[in-house]
Amino acid sequence: MKRLIYLDNSATTRPLPEVVEAATAALREQYGNPSSAHRLGLAAEDVIEDARADVARLLGVKAKEIVFTSGGTEAINAALVGTALAHRGRGKHIVTTAVEHAAVLETCGFLEQVGFEVTRVPPEPNGVVDARAVLGALREDTILVSVMHVNNETGAIQPVQTLGQQLKRLPKVIFHIDAVQSFGKLAVPLTGVDLISLSAHKIHGPKGAGALYIREGLKCEPLLHGGGQEAGRRSGTPGVPAIAGMGAACRWWLAHGQEAVRQLSEIHAAFIEVLRQKVPGHRLNSPPDGAPHIVNLSFPGFKGEVLVHALEERGVYVSTASACSSRSAKGSHVLRAMGVAPEVNEGALRFSFSPFNTVAEMEEAGVALAEVVKELRPMMRR
């Protein structure tokens with residue numbers, strides 16, 4: 001059996017043993033409804049509140065500012081739609097960027113359909129948006145700015161700290177950060193930030209759990225109405241096992257995060273060196289000062305999907321773009337926004353790392369990539 005080298009961690013991560021244990025315990029033992037007043041209900045509620053405290057500690061906020069969701073997409077929808085509806089009396093203009101995740105871009109598209117206006121700021125050629133361009137897009141009727149912290153395809157780190165410092169001076173403008181790809185791996189800036197979206201399965205937690213930070217005192221209309229769970233901010237019986245798993249993942253990052261980030265930086269540097277030495281003909285699409293867990297590169301003239309499957313045959317698992325859009329025939333919208341030529345976009349691959357990857361795996365993946373490119377190059381020229 002071939003050794004499996006999993007390098008698609010920006011799509012999802014393998015749950016930690018501690019996460020599986022916590023989720024399993026919630027399924028087997030804390031299976032009561034958290035809204036019930038009996039012992040089993042209270043035990044389930046304790047699991048949720050412990051997890052809330054763990055998420056808050058890792059992010060650096062108050063526990064009461066954390067709202068559990070079903071994942072990053074729901075958190076983003078709740079942030080954008082909830083605040084847009086709550087503050088539409090002040091204006092209907094939203095500013096975001098052209099390189100956001102589909103969860104942001106599609107939600108903004110929906111808001112346009114119901115009467116809001118959206119400005120999508122393009123990035124520089126390196127994939128980083130100029131903070132001055134975002135601030136320059138503000139209008140008198142702007143009520144919301146949404147910018148991701150780390151781009152999920154290229155690893156570009158956006159200037160959210162600078163934006164937060166500037167937007168703090170504009171209390172009528174709400175600032176949302178999509179921190180799905182940075183949570184746990186980079187310190188998420190909090191100054192001037194009103195909303196932060198998080199996901200469990202990007203940090204070795206379970207799928208089906210996420211969280212939204214809502215700054216204390218901020219008005220945000222709930223998307224889900226019903227029993228008033230999550231202090232009235234997100235109705236519906238909470239998914240206790242998934243939430244328990246998210247809490248366990250956050251505890252792991254609290255205990256091991258510093259070493260994990262060091263490992264990611266070492267892996268990233270090793271992979272870049274392997275590419276330089278052994279994989280000719282590639283073009284890096286990620287900026288050199290990007291996040292340590294993502295490398296996006298292209299082989300002009302190749303089809304990324306063909307390379308993905310050829311690498312899979314050798315036990316190396318990568319993707320072409322965001323998992324949510326990797327099967328799109330149009331290629332990466334992020335690379336298009338960066339001005340990348342279609343033939344380069346078409347041949348793009350994303351390698352994304354976990355602290356559980358090794359330098360040795362980077363060497364093996366690089367050798368496999370070099371072999372695949374050499375093998376397929378004659379066919380791609382036809």
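Tallying residues that are within 25 Å of residue 286 (Cα to Cα), assigned to a loop (DSSP other than H, G, I, E, B) and either open to solvent by 60 Å² or more (accessible area, probe 1.4 Å) or without any contact (Cβ under 8 Å) to a residue 60 or more places away in the chain (or both) within region 145-177 yields 2.
Residues that are aromatic (Phe, Trp, Tyr) and closer than 30 Å to residue 353 by Cα: does region 115-137 have at least one? There is no residue in region 115-137 that is aromatic (Phe, Trp, Tyr) and closer than 30 Å to residue 353 by Cα. Inspection of region 130-144 finds a residue satisfying the criterion of being free of Cβ contacts under 8 Å to residues at least 60 places away in the same chain, among the hydrophobic types (A, V, I, L, M, F, W, C), in contact with a strand residue (DSSP E or B) (Cβ under 9 Å, 6 or more places away or on another chain) and in a loop (DSSP other than H, G, I, E, B). Scan region 56-70 for residues that are within 21 Å of residue 219 (Cα to Cα) and not hydroxyl-bearing (Ser, Thr, Tyr) and jot them down. Of everything in region 56-70, those that are within 21 Å of residue 219 (Cα to Cα) and not hydroxyl-bearing (Ser, Thr, Tyr) turn out to be 56, 59, 60, 61, 62, 63, 64, 65, 66, 67, 68.
Taking first residues from region 10-30 that are more than 15 Å from residue 356 (Cβ to Cβ) and partners that are open to solvent by 30 Å² or more (accessible area, probe 1.4 Å) and acidic (Asp, Glu), the Cβ contacts under 8 Å between residues at least 6 apart in sequence or on separate chains come to 30/46.
For the residues 37, 43, 53, the requirement of being out of contact with any Lys or Arg (no Cβ under 9 Å at 6 or more places or on another chain), part of a loop (DSSP other than H, G, I, E, B), open to solvent by 20 Å² or more (accessible area, probe 1.4 Å) and under 30 Å from residue 245 (Cβ atoms) singles out 37. Figure legend. Inter-residue proximity from region 196-225: first residues without any contact (Cβ under 8 Å) to a residue 24 or more places away in the chain, second residues crowded, with 17+ Cβ neighbours inside 10 Å, beta-carbon distance below 6 Å, spacing 6+ or different chains. Indicated pairs: 224/234.
Looking at region 60-124, the strands (runs of 3 or more DSSP E) lying wholly inside it that each contain 2 or more residues that are open to solvent by 10 Å² or more (accessible area, probe 1.4 Å) and not hydroxyl-bearing (Ser, Thr, Tyr) sit at 117-121.
For region 303-319, does any single residue satisfy the condition of being assigned to a loop (DSSP other than H, G, I, E, B), touching a Lys or Arg at 6+ places or on another chain (Cβ under 9 Å) and either open to solvent by 50 Å² or more (accessible area, probe 1.4 Å) or under 22 Å from residue 150 (Cα atoms) (or both)? Yes, because at least one residue in region 303-319 is assigned to a loop (DSSP other than H, G, I, E, B), touching a Lys or Arg at 6+ places or on another chain (Cβ under 9 Å) and either open to solvent by 50 Å² or more (accessible area, probe 1.4 Å) or under 22 Å from residue 150 (Cα atoms) (or both). For region 13-31, a residue qualifies if it is touching a His at 6+ places or on another chain (Cβ under 7 Å) and either assigned to a helix (DSSP H, G or I) or buried (at least 18 other Cβ atoms within 10 Å of the Cβ) (or both), and the qualifying residues are 13, 15, 16, 19. Filtering region 336-377 to residues that are open to solvent by 10 Å² or more (accessible area, probe 1.4 Å) and of a type in the set (Ser, Thr, Tyr) leaves only 358.
The values are calculated or read from the model by the stated rules, or taken from the named source; none is laboratory data. Values in this document were obtained by computation on a predicted structure and should not be read as measured data. We place every Cβ from the backbone using ideal geometry, glycine too, and count neighbours over all the protein chains shown. The area values use the complete protein model at the heavy-atom level, side chains included, leaving out ligands, DNA and RNA. Shrake-Rupley method; radii C 1.70, N 1.55, O 1.52, S 1.80 Å.
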